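Reviewing the structure listed below.
The values are calculated or read from the model by the stated rules, or taken from the named source; none is laboratory data. Predicted, not measured: the structure shown is a model, and the values here were computed from it. Positions of Cβ are generated from backbone atoms using ideal geometry, with glycine treated the same way; all protein chains shown enter the neighbour counts.
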Amino acid sequence: MAVTGFLFLSCESSDDSDGVNGMVNVEQVKSTVTSGTWRVTLYEEEGVDETNYFSDHTFVFESDGRLIADNGETSVSGAWSITSDSSSSDDDSSSDDDVDFNIFFASPANFAEISEDWDIVSFSSTRIELKDESGDGSIDRLVFEKI
């Protein structure tokens, strides 16, 4: 899978049903996520807490699109990007214009589970909250916090 380029603009994300973050500044999110080491503090799939799959890993989002998860013994390589998803067929929102935080891991299976085009619910300099709504209406949540 090719790592897609980064899009630097400000978009309104109208599919944020939580109403928390109507404006997403892509450049600010990219700058924030590449400025340190992160950990998963919540991964919930269809209402089931699966955070323990990631709790011993730290995550580094490289500016070139590489994503590295490391637990001190093994390292898992993936990719990440932020894209405007205004006309994509894999867009899972009802919005015609949203911004996706894309994560891709080919393996292992538990890391492949978080390979999604996540919607940004909220972000700060120390926390990024993402969600993904499946076609059946189930919602997955993923939260990264800076270490």
Problem - Yes/no for residue 48 being over 15 Å from the mean Cα position of the chain (by Cα) and not aromatic (Phe, Trp, Tyr) - result: yes
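Any residue that is in a strand (DSSP E or B), among the small types (Gly, Ala, Ser) and out of contact with any Cys (no Cβ under 8 Å at 6 or more places or on another chain) - is there at least one of those in segment 99-114?
Here is the first cut: in segment 99-114, the ones in a strand (DSSP E or B) are 99-104.
Filter once more, keeping what is among the small types (Gly, Ala, Ser): none.
No, there is no match, as no residue in segment 99-114 is in a strand (DSSP E or B), among the small types (Gly, Ala, Ser) and out of contact with any Cys (no Cβ under 8 Å at 6 or more places or on another chain).
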Exercise for the section: Scan segment 58-87 residue by residue and report those that are of a type in the set (Val, Ile, Thr) and more than 19 Å from residue 127 (Cα to Cα). Expected result: 74, 76, 83
Handout entry: Any chance residue 24 is under 23 Å from residue 140 (Cα atoms), buried (at least 17 other Cβ atoms within 10 Å of the Cβ), in contact with a Cys (Cβ under 9 Å, 6 or more places away or on another chain) and in contact (Cβ under 8 Å) with a residue 12 or more places away in the chain
Key = yes
Practice task
Provide a single number: the residues in segment 98-119 that are within 21 Å of residue 30 (Cβ to Cβ), in contact with a helix residue (DSSP H, G or I) (Cβ under 7 Å, 6 or more places away or on another chain) and at pLDDT below 95.
Solution key: 1
Exercise for the section: For residues that are surrounded by fewer than 15 Cβ atoms within 10 Å (Cβ to Cβ) and not hydrophobic (A, V, I, L, M, F, W, C), scanning just segment 131-147, find the one that is nearest to residue 113 (Cα to Cα). Expected result: 134
Practice task
Determine the pairs where a residue that is touching a residue at least 24 places away in the same chain (Cβ under 8 Å) and over 10 Å from residue 44 (Cβ atoms), located within segment 126-145, has a partner that is surrounded by 14 or more Cβ atoms within 10 Å (Cβ to Cβ) and aromatic (Phe, Trp, Tyr) with Cβ atoms under 6 Å apart, the partner being 6 or more residues away or on another chain.
Solution key: 128/144; 130/101; 130/118; 132/118; 144/38
Handout entry: Positions within segment 54-75 being among the hydroxyl-bearing types (Ser, Thr, Tyr) and either loosely packed, with under 13 Cβ neighbours inside 10 Å or more than 16 Å from the chain's Cα centre (by Cα) (or both), in sequence order
Key = 55, 63, 74, 75
